[in-house]
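A.B. asks: Before anything else, here's the structure in question.
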Number of protein chains: 4
Amino acid sequence: MVQLGANRYGKAEVRVVHVARGAGLDGGDVIKDWNVSSALSGDLSATHLTGDNANVLTTDTQKNTAYAFAKTLGGAAVEAYALALAKHYVDSQEPITRARIGVQEYGWTPIPVGEHAFARTGQYTRTTRVVHDAEAGTSVVSGLEGLTVLKTTGSEFRGFPDDRYTTLAETADRILATEVSARWRFRDTDVDWAVAHARALDALLTAFAATHSRSLQQTVYAIGERILAAVPQACEVRLALPNKHHFLVDLEPFGLSNDNEVYYAADRPYGLIEGTVLADDAGDPGIAWD
Amino acid sequence: MVQLGANRYGKAEVRVVHVARGAGLDGGDVIKDWNVSSALSGDLSATHLTGDNANVLTTDTQKNTAYAFAKTLGGAAVEAYALALAKHYVDSQEPITRARIGVQEYGWTPIPVGEHAFARTGQYTRTTRVVHDAEAGTSVVSGLEGLTVLKTTGSEFRGFPDDRYTTLAETADRILATEVSARWRFRDTDVDWAVAHARALDALLTAFAATHSRSLQQTVYAIGERILAAVPQACEVRLALPNKHHFLVDLEPFGLSNDNEVYYAADRPYGLIEGTVLADDAGDPGIAWD
Amino acid sequence: MVQLGANRYGKAEVRVVHVARGAGLDGGDVIKDWNVSSALSGDLSATHLTGDNANVLTTDTQKNTAYAFAKTLGGAAVEAYALALAKHYVDSQEPITRARIGVQEYGWTPIPVGEHAFARTGQYTRTTRVVHDAEAGTSVVSGLEGLTVLKTTGSEFRGFPDDRYTTLAETADRILATEVSARWRFRDTDVDWAVAHARALDALLTAFAATHSRSLQQTVYAIGERILAAVPQACEVRLALPNKHHFLVDLEPFGLSNDNEVYYAADRPYGLIEGTVLADDAGDPGIAWD
Amino acid sequence: MVQLGANRYGKAEVRVVHVARGAGLDGGDVIKDWNVSSALSGDLSATHLTGDNANVLTTDTQKNTAYAFAKTLGGAAVEAYALALAKHYVDSQEPITRARIGVQEYGWTPIPVGEHAFARTGQYTRTTRVVHDAEAGTSVVSGLEGLTVLKTTGSEFRGFPDDRYTTLAETADRILATEVSARWRFRDTDVDWAVAHARALDALLTAFAATHSRSLQQTVYAIGERILAAVPQACEVRLALPNKHHFLVDLEPFGLSNDNEVYYAADRPYGLIEGTVLADDAGDPGIAWD
């Protein structure tokens, strides 16, 4: 005999763009460009077992709701929007006991001609994920992804074990490059989201640049530590840093030296370093990361 | 004060191709085409805190090991290869207490001219993920991803709640299409992996085709149920089924009828249904899905 | 002073799915799954110079037209559908003197349970591109893309020049793998499109498998030659074959031999071989490839 | 009987990263991050017809050459690097009569902590394509791709024809968004490449922002015209602008107004506008765009 286990359903990748006309500091417009996903859980056995959909608020309705909420909250921080949306589902749909809202935000920068033109920045995507549960409460995890950074020096990798399959040479000076995926969990929701994001980003870039790196793990820890110091409302940082290998090209066969000048940027395989840094007084994450 | 939390590191996406020459039933070659990722955990505080890498078996070594193990196990099932690799790391590296090996396998079919030419099938990717832990033991989760299936009829969606934001009409006959991502957890490792894979695939396709679907959730459950029946060595199935919406095009403005003939295949947003089906006697998954 | 040069506009990637119910040989349904793009040219100076759109049949209308034509031709060969669509624009819109219709067709195969379920094949995408010009007439170029093929032996690469930058070793036995992008130009439109496609595909696979390859260029030529022999209505074949390098892994450092067993499948960079094979009596292509 | 037609071969996507240490204005490093592709043509019948590779400078050698030339020219403009590489092949390999070098350049911006850390800008990719032919001479086409821009107002679309399949409503105020792909052909090679690029980019952004757009075609022309005015060394501009549709969401069913605030950003299908703007005295492009 079998039974239904954990499940959830929702609408993924609702593309919401909001224009706040004249809301900029200089009187220009402000754009928000979001990719919104919702996932609901609760008393959903019937639809799985018999196809009775009486408890299934449709994913089409979730799409509509994402747009409707953008009417009033489209100009807010992604966290505020996601919080409102998550609570709405749990509060208004009796069978739904948990809602998870994820938002990716793409950045735009004004083109300094007129007040209405913008270029997509492309440097990274800001993210948030809110989980609201009728019993367990509310959690907010924010972050960013797709931020590619590189150090031309100040990175070494030495002192590692040498087993039967080890051929790598030690290096005292290498390029270190990674595409940062970082998320930080907030202690509660009493946060100035824009300030928290700006501080975390600044801490991340500073830690990457300022850390003399003996391993990418050391950089992971340094980034996490510095984000927690800069954003006291956050209590846990999770990082996934692929090591975007840059190999020095051997130019000797061509009669040329290569004094750390010419590199081959490799695609695959890549190292992948995943780590967590926690405040000593961090509470249990519960459902925050699910 | 902060501390290091959960962490792991490894080499991702090592592209291993193995040719077993003359090993086919007909005397032709057999190809295995794998994308291998390893992630190790254990006593790794030093590299995070001080950059001391004495415990860090390098990701380059992990790449080498993936290739070396393919010498003897490149012709085996992905599960057998992954099991051997996972145990190797924990058994041979004292500080490493857990290894997770993931493999994606791309299928090839012989071209019936000569005995040495093949075409990539492209229909789906077979997957496995093995976790071996010095204390918690060994788990195997296998599956497939990228299998797109569609039913031209035999799918309805009715009886859902109607809230303030609901505009969707009920339908008694729609196209149902999804790109299946399915994984099943084995009870132990005493399994004929090839047979299990074939049975699970067959059960999945049969369930999708044979279930009169009142919701995609119902199809999720039917697939899970049927896989567990077909593969008794499995005790848990997890499915993620995006609803690849096919909307009937309104041809009336052009003076044409559309009797369920012409559809628009939408990209985003999409419904996403995630569900678990468990055998009643399934053991605790522990670290299997981490 | 500047002037307007060549231009065209249209709707790209209209996703049309057509179900011909009960039209299969066995009474089952037949699916066509298309990605349709149209591009129109003609007297379009006004919209460029002044924004006067009197001659601009909107791209939204082109989308609608793609769906409307699928009502009657959705079950036909992509070439027949594209021909009808191309002629429609030039015949019905006076300012439009040229139309190019491109279609990608994704394959589906029945699931042998019931008569209404299908799985996407994924092996390759069938393509066509029709150009219809009021003066220059009509051309059809069909083909396929995304077909990945591999030979485990029967491929060598030797006798190449050795310049200052050459380090490659000669090889008498290598894996040859490529992702075929092939297109063939028809002499006219009096063609059984399904038969022509099947013959070209068979010729392509046979040529790849049967040719002892001393260079990928030789394989390019062999494929083109064999397609022209198999499809006499075609007079020109253009091929783009990336060399998907498979490098033998050096296992010696690990005390292992590698007798053409274990390979590393590389991503980038890749060789790219592009070639044309023409019938001696091929007419001038004119606008066919534009 | 069949014959060999146009053909070329080369190495695609060689990932070259060059670090000029201490070469920045402020004493910091300067990074160049390139994706280099070469394609050679000439007397290549033998390899196609018989597999005789005596004239085939290997694609592996082309990869090596791309790296070797980066030793001295890795800090130069992409155009200067590509010119040197193209000439090298034609000058040094007697059978090779034409070389085409394409380079994509990814931008990096210093992180203002230390002098050695950078973040990838991600806003657009700079491109160049140099063709050098022993007889036809040398051409340079530069440009950019992936630059996404948006106007919140100042765009209308009206006055288009209304045929049987037209359902689109006219609009006097819409969002206009596109991902710019632009290329400009230089009259000769006596150019300050960095200045030309900066001027073209500025002209492009200014034209997009400043043009009151009655159609995307009008914007295409305005961009081309302004680039030619800003970069007199260029004589031809080719643009491909997908219309990234932003549709106003109908919030009325939810009792909400939508005063040009909330939009749905669509993926497919999309309009695609391609146009050319030429200086009146532009020379024949010859092989420049091949």
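A.B. asks: Quick check on the stretch D:194-207. Is at least one of its residues surrounded by 15 or more Cβ atoms within 10 Å (Cβ to Cβ) and either more than 25 Å from the chain's Cα centre (by Cα) or aromatic (Phe, Trp, Tyr) (or both)?
C.D. replies: Scanning the stretch D:194-207 turns up no residue that is surrounded by 15 or more Cβ atoms within 10 Å (Cβ to Cβ) and either more than 25 Å from the chain's Cα centre (by Cα) or aromatic (Phe, Trp, Tyr) (or both).
A.B. asks: Another question about this same structure. Counting only residues that are at the interface with another protein chain (Cβ under 7 Å from one of its Cβ atoms) and hydrophobic (A, V, I, L, M, F, W, C), how many does the stretch B:45-85 have?
C.D. replies: 6
A.B. asks: Being acidic (Asp, Glu) and under 19 Å from C:Thr189 (Cα atoms) is the filter here, so list the residues in the stretch C:53-98 that pass it.
C.D. replies: Within the stretch C:53-98, C:Glu79, C:Asp91 meet the criteria.
A.B. asks: Please go through the stretch A:125-167 and pick out each residue that is touching a strand residue (DSSP E or B) at 6+ places or on another chain (Cβ under 8 Å), of a type in the set (Val, Ile, Thr) and over 21 Å from A:Leu201 (Cα atoms).
C.D. replies: Once the filter is applied, which keeps residues that are touching a strand residue (DSSP E or B) at 6+ places or on another chain (Cβ under 8 Å), of a type in the set (Val, Ile, Thr) and over 21 Å from A:Leu201 (Cα atoms), the stretch A:125-167 yields A:Val131, A:Thr138.
A.B. asks: Continuing with this model, one more query. I'd like to know if the stretch A:252-260 contains one or more residues that are crowded, with 19+ Cβ neighbours inside 10 Å and closer than 26 Å to B:Val56 by Cα.
C.D. replies: no
A.B. asks: Among the residues of the stretch B:21-67, count how many are over 30 Å from C:Leu150 (Cβ atoms), within 30 Å of the chain's Cα centre (by Cα) and in contact (Cβ under 8 Å) with a residue 40 or more places away in the chain.
C.D. replies: Result for the stretch B:21-67: 6.
A.B. asks: Determine whether the stretch A:55-63 contains at least one residue that is part of a loop (DSSP other than H, G, I, E, B) and touching a Lys or Arg at 6+ places or on another chain (Cβ under 7 Å).
C.D. replies: No, because not a single residue in the stretch A:55-63 is part of a loop (DSSP other than H, G, I, E, B) and touching a Lys or Arg at 6+ places or on another chain (Cβ under 7 Å).
A.B. asks: Considering only the stretch B:184-290, give the strands (runs of 3 or more DSSP E) lying wholly within it that have at least 1 residues that are aromatic (Phe, Trp, Tyr) and closer than 22 Å to C:Arg120 by Cβ.
C.D. replies: Output list reads B:246-248, B:262-265, B:270-279.
A.B. asks: I'm checking my understanding of the structure. Among residues of the stretch B:208-217 that are facing chain A (nearest Cβ under 7 Å) and buried (at least 24 other Cβ atoms within 10 Å of the Cβ), which one is nearest to the chain's Cα centre (by Cα)?
C.D. replies: B:Gln217
A.B. asks: Going by the structure shown, is C:Val149 part of a strand (DSSP E or B), within 25 Å of B:Ala20 (Cβ to Cβ) and in contact with a Leu (Cβ under 8 Å, 6 or more places away or on another chain)?
C.D. replies: Answer is yes for this residue.
A.B. asks: Looking only at the stretch C:28-43, decide whether some residue is modelled with pLDDT under 95 and more than 7 Å from every other protein chain (Cβ to nearest Cβ).
C.D. replies: Checked against the condition, which is being modelled with pLDDT under 95 and more than 7 Å from every other protein chain (Cβ to nearest Cβ), the stretch C:28-43 yields at least one hit.
A.B. asks: I'd like to know if the stretch D:119-131 contains one or more residues that are small (Gly, Ala, Ser), within 30 Å of C:Thr50 (Cβ to Cβ) and in contact with a helix residue (DSSP H, G or I) (Cβ under 8 Å, 6 or more places away or on another chain).
C.D. replies: No: the stretch D:119-131 contains no residue that is small (Gly, Ala, Ser), within 30 Å of C:Thr50 (Cβ to Cβ) and in contact with a helix residue (DSSP H, G or I) (Cβ under 8 Å, 6 or more places away or on another chain).
A.B. asks: Among the residues of the stretch C:192-201, are any away from chain D (no Cβ under 14 Å), farther than 30 Å from A:Gly255 by Cα and touching an Asp or Glu at 6+ places or on another chain (Cβ under 6 Å)?
C.D. replies: Yes: the stretch C:192-201 contains one or more residues that are away from chain D (no Cβ under 14 Å), farther than 30 Å from A:Gly255 by Cα and touching an Asp or Glu at 6+ places or on another chain (Cβ under 6 Å).
A.B. asks: Looking at C:Val130, C:Val149, which one is within 26 Å of B:Pro110 (Cα to Cα) and either touching a Pro at 6+ places or on another chain (Cβ under 9 Å) or buried (at least 23 other Cβ atoms within 10 Å of the Cβ) (or both)?
C.D. replies: So the residue among C:Val130, C:Val149 that is within 26 Å of B:Pro110 (Cα to Cα) and either touching a Pro at 6+ places or on another chain (Cβ under 9 Å) or buried (at least 23 other Cβ atoms within 10 Å of the Cβ) (or both) is C:Val149.
A.B. asks: Let me ask something else. Could you please give the count of residues in the stretch A:1-21 that are closer than 22 Å to B:Glu236 by Cβ, of a type in the set (A, V, I, L, M, F, W, C) and in contact with a Ser or Thr (Cβ under 9 Å, 6 or more places away or on another chain)?
C.D. replies: Going through the stretch A:1-21 one residue at a time, the tally reaches 2.
A.B. asks: Moving on. So B:Phe160 ticks every box in (1) surrounded by 15 or more Cβ atoms within 10 Å (Cβ to Cβ); (2) outside any loop (DSSP other than H, G, I, E, B); (3) hydrophobic (A, V, I, L, M, F, W, C); (4) free of Cβ contacts under 8 Å to residues at least 24 places away in the same chain but one. Which box is left unticked?
C.D. replies: (2)
A.B. asks: Just to check your reading of the model, which residue among B:Arg187, B:Arg238 is under 16 Å from the mean Cα position of the chain (by Cα), basic (Lys, Arg) and either surrounded by fewer than 22 Cβ atoms within 10 Å (Cβ to Cβ) or within 12 Å of chain A (Cβ to nearest Cβ) (or both)?
C.D. replies: That would be B:Arg238, the only listed residue that is under 16 Å from the mean Cα position of the chain (by Cα), basic (Lys, Arg) and either surrounded by fewer than 22 Cβ atoms within 10 Å (Cβ to Cβ) or within 12 Å of chain A (Cβ to nearest Cβ) (or both).
A.B. asks: All but one of (1) in a helix (DSSP H, G or I); (2) surrounded by fewer than 20 Cβ atoms within 10 Å (Cβ to Cβ) hold for B:Pro112; which doesn't?
C.D. replies: Checking B:Pro112 against (1) in a helix (DSSP H, G or I); (2) surrounded by fewer than 20 Cβ atoms within 10 Å (Cβ to Cβ), the one that fails is (1).
A.B. asks: Follow-up question, since we're still on this one. Look through D:Ala99, D:Ala86, D:Ala82 and report the one residue that is at negative phi, assigned to a strand (DSSP E or B), of a type in the set (Gly, Ala, Ser) and surrounded by 24 or more Cβ atoms within 10 Å (Cβ to Cβ).
C.D. replies: D:Ala99
Residue by residue, here is whether (1) out of contact with any helix residue (DSSP H, G or I) (no Cβ under 6 Å at 6 or more places or on another chain); (2) not aliphatic (A, V, I, L, M) holds:
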{"residue": "A:Pro161", "(1), (2)": "yes, yes"}
{"residue": "A:Ala169", "(1), (2)": "yes, no"}
{"residue": "A:Ser181", "(1), (2)": "yes, yes"}
{"residue": "A:Arg187", "(1), (2)": "yes, yes"}
{"residue": "A:Asp192", "(1), (2)": "yes, yes"}
{"residue": "A:Ala198", "(1), (2)": "yes, no"}
{"residue": "A:Tyr221", "(1), (2)": "no, yes"}
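A.B. asks: Okay, next question. Exactly one condition in (1) assigned to a loop (DSSP other than H, G, I, E, B); (2) touching a residue at least 24 places away in the same chain (Cβ under 8 Å) is false for D:Tyr165; which is it?
C.D. replies: Failing condition for D:Tyr165: (2).
A.B. asks: Given the criteria in a helix (DSSP H, G or I), crowded, with 24+ Cβ neighbours inside 10 Å and not aromatic (Phe, Trp, Tyr), does B:Thr72 qualify?
C.D. replies: Considered against the rule, which asks whether it is in a helix (DSSP H, G or I), crowded, with 24+ Cβ neighbours inside 10 Å and not aromatic (Phe, Trp, Tyr), B:Thr72 comes out as no.
A.B. asks: Another question about this same structure. Looking only at the stretch B:59-69, decide whether some residue is in contact with a His (Cβ under 8 Å, 6 or more places away or on another chain) and modelled with pLDDT of 95 or more.
C.D. replies: Yes - at least one qualifying residue is present in the stretch B:59-69.
A.B. asks: Looking at the stretch A:188-198, can you tell me whether even one residue there is of a type in the set (S, T, N, Q) and either more than 26 Å from D:Val30 (Cβ to Cβ) or not assigned by TED's automatic domain parsing to the domain that holds A:Thr152 (or both)?
C.D. replies: yes
A.B. asks: Does the stretch C:14-26 include one or more residues that are at the interface with chain D (Cβ under 7 Å from one of its Cβ atoms) and touching an Asp or Glu at 6+ places or on another chain (Cβ under 9 Å)?
C.D. replies: Yes, the stretch C:14-26 has at least one match.
A.B. asks: Can you tell me which residue in the stretch C:45-67 is farthest from D:Gly275 (Cα to Cα), limited to those that are among the aliphatic types (A, V, I, L, M) and crowded, with 23+ Cβ neighbours inside 10 Å?
C.D. replies: In this case the residue turns out to be C:Ala66.
A.B. asks: Scan the stretch C:265-290 and report the pairs whose first residue is within 7 Å of chain D (Cβ to nearest Cβ) and whose second residue is part of a loop (DSSP other than H, G, I, E, B), with Cβ atoms within less than 6 Å and a gap of 6+ or a chain change.
C.D. replies: Correct list of pairs: C:Arg268/A:Asp267; C:Arg268/D:Glu13; C:Pro269/D:Glu13; C:Asp280/D:Met1.
A.B. asks: Moving on to the next point. Quick one: what pairs do we get from the stretch C:97-121, first residue among the polar types (S, T, N, Q), second buried (at least 18 other Cβ atoms within 10 Å of the Cβ) and not in a strand (DSSP E or B), C-beta under 7 Å, 6+ apart or different chains?
C.D. replies: Within 7 Å, the pairs are C:Thr97/C:Val90.
The values are calculated or read from the model by the stated rules, or taken from the named source; none is laboratory data. In this text the structure is predicted, and so the values were computed from the model without any measurement. Methodologically, a virtual Cβ is constructed for each residue, glycine included, from the backbone with ideal geometry; neighbour enumeration extends over all protein chains shown.
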